[in-house]
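Participant: Take a look at this one; I'll ask things after.
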Amino acid sequence: MITGCCTDICVLQFALALKAFFNQTEQDRRVIVPADCTATYHMDEIHDGPFWQKTALDLMKAAGVLVVDAIVDTDPEKIPAAGSQESKKNSETEDTGEGN
């Protein structure tokens, strides 16, 4: 699980590098980013925080990182396995946290 305070810089780069490493070494492991545990900065006319936050999360999802709204249950049995249909569904749609 990856968290951090610069979603579009540190979190994005680490998540993509870790996902690429797992893919290259054929390790069936999940890279999980809980969106509510990430943030980025905003500076008028320099760095649009909300835009870059969403963009970074979307880029990670597109790369196969499991981006969830929040961690609501830490039981490993309830977290979807890498490559599972549930894992793919969670990375393609917004997780409301209901029923978890």
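The values are calculated or read from the model by the stated rules, or taken from the named source; none is laboratory data. These figures come from a predicted structure and were not determined experimentally. Using ideal geometry, Cβ is built from the backbone for each residue, glycine included, and neighbour counts are taken over all protein chains shown. Quick note on the areas: whole protein, heavy atoms, side chains included, nothing else; ligands and nucleic acids left out. Shrake-Rupley method; radii C 1.70, N 1.55, O 1.52, S 1.80 Å.
Participant: Going through segment 1-22 one residue at a time, which ones are open to solvent by 60 Å² or more (accessible area, probe 1.4 Å) and in contact with a strand residue (DSSP E or B) (Cβ under 8 Å, 6 or more places away or on another chain)?
Facilitator: Once the filter is applied, which keeps residues that are open to solvent by 60 Å² or more (accessible area, probe 1.4 Å) and in contact with a strand residue (DSSP E or B) (Cβ under 8 Å, 6 or more places away or on another chain), segment 1-22 yields 1, 3, 5, 10, 14.
Participant: Mind listing just one residue for me: the one in segment 49-76 that is small (Gly, Ala, Ser) and more than 24 Å from residue 28 (Cβ to Cβ) and, of those, surrounded by the fewest Cβ atoms within 10 Å (Cβ to Cβ)?
Facilitator: Going through the qualifying residues, I end up with 70.
Participant: While we're here: For segment 23-48, what are the residues that are under 15 Å from the mean Cα position of the chain (by Cα), part of a helix (DSSP H, G or I) and surrounded by fewer than 18 Cβ atoms within 10 Å (Cβ to Cβ)?
Facilitator: Those that are under 15 Å from the mean Cα position of the chain (by Cα), part of a helix (DSSP H, G or I) and surrounded by fewer than 18 Cβ atoms within 10 Å (Cβ to Cβ): 36, 37.
Participant: Could you list, ordered by first residue, the pairs with Cβ atoms under 6 Å in which the first is in segment 8-30 and closer than 17 Å to residue 61 by Cβ and among the small types (Gly, Ala, Ser) and the second is part of a helix (DSSP H, G or I) and at pLDDT 95 or above, at least 6 apart or interchain?
Facilitator: The qualifying pairs are 15/60.
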